[in-house]
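The block underneath contains the structure these notes are about, expressed in structure tokens.
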Amino acid sequence: MMKKLLSACLLSSALLVGCGHTEDADSEGCEHLRNGPGVAVTASATASGAPAVSNDHKRYDITLPSGGTGSVSFASGEAADYVFYLNAEVPLRIASASGQAVTFESSATSSASCTAIKGRHVAPLEVGTYTLTFGPGSGTVSLVIEESGHEDHAH
């Protein structure tokens, strides 16, 4: 009986913790959007030769081609849901190495927990390299990538 009670308690705790993943990821994404560290990147006009970005707790300040679209590449090290945070309302498209479009699980132009977030896109990715295409737009857009449910306690 004691084992069943303990199991039920642990399961309930796990469910409660699981419900907070989106908010935790938003807090993490917000912190990096606001405070960096920042890395300057110039997007390429095509997917070929696109500079790399990562989910390494950095903010990528991506300069877009004037009035057009710009691309960067992202290598997913594991199959997971990734959250792409933007500081501007700029269209974002993600495609696999074979050119297949990735469908977002959700997209929003804000976050209740952070006013710096102007774009929030959750995408299920397999292991592999993806092209992130921004725009059309101009200027610079900041990007932070977090694995959904990931918490970084060591800054």
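See the values below:
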quantity	calculated
Residue, nearest to Gly137 (Cα to Cα), within the stretch 88-108, restricted to residues that are part of a loop (DSSP other than H, G, I, E, B) and open to solvent by less than 60 Å² (accessible area, probe 1.4 Å)	Val90
Test for Ala88: is it without any contact (Cβ under 8 Å) to a residue 40 or more places away in the chain and touching a strand residue (DSSP E or B) at 6+ places or on another chain (Cβ under 8 Å)	no
Residue within the stretch 102-109 that is out of contact with any Ser or Thr (no Cβ under 7 Å at 6 or more places or on another chain) and within 12 Å of Ile145 (Cα to Cα) present	no
Options Gly128, Gly38, Gly77: the member that is open to solvent by 20 Å² or more (accessible area, probe 1.4 Å) and on the phi > 0 side of the Ramachandran plot	Gly128
Any hit, the stretch 110-118, residues being under 11 Å from the mean Cα position of the chain (by Cα), surrounded by fewer than 21 Cβ atoms within 10 Å (Cβ to Cβ) and not in a strand (DSSP E or B)	no
The stretch 56-67: number of residues that are in a strand (DSSP E or B) and open to solvent by 20 Å² or more (accessible area, probe 1.4 Å)	6
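Per-residue answers, yes or no, for (1) at pLDDT 95 or above; (2) more than 15 Å from Cys30 (Cβ to Cβ); (3) of a type in the set (Val, Ile, Thr):
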{"position": "Ser66", "(1), (2), (3)": "no, yes, no"}
{"position": "Thr69", "(1), (2), (3)": "no, yes, yes"}
{"position": "Ser73", "(1), (2), (3)": "yes, yes, no"}
{"position": "Ser96", "(1), (2), (3)": "yes, yes, no"}
{"position": "Thr109", "(1), (2), (3)": "no, no, yes"}
{"position": "Ala123", "(1), (2), (3)": "yes, yes, no"}
{"position": "Tyr130", "(1), (2), (3)": "yes, yes, no"}
{"position": "Pro136", "(1), (2), (3)": "no, yes, no"}
{"position": "His153", "(1), (2), (3)": "no, yes, no"}
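The values are calculated or read from the model by the stated rules, or taken from the named source; none is laboratory data. If you're wondering where the values come from, they're calculated on a predicted model, not measured in any experiment. Cβ sites come from the backbone with ideal geometry, for glycine too, and all protein chains shown count toward neighbours. Areas reflect the complete protein model, heavy atoms only, side chains present, ligands, DNA and RNA absent. Shrake-Rupley method; radii C 1.70, N 1.55, O 1.52, S 1.80 Å.
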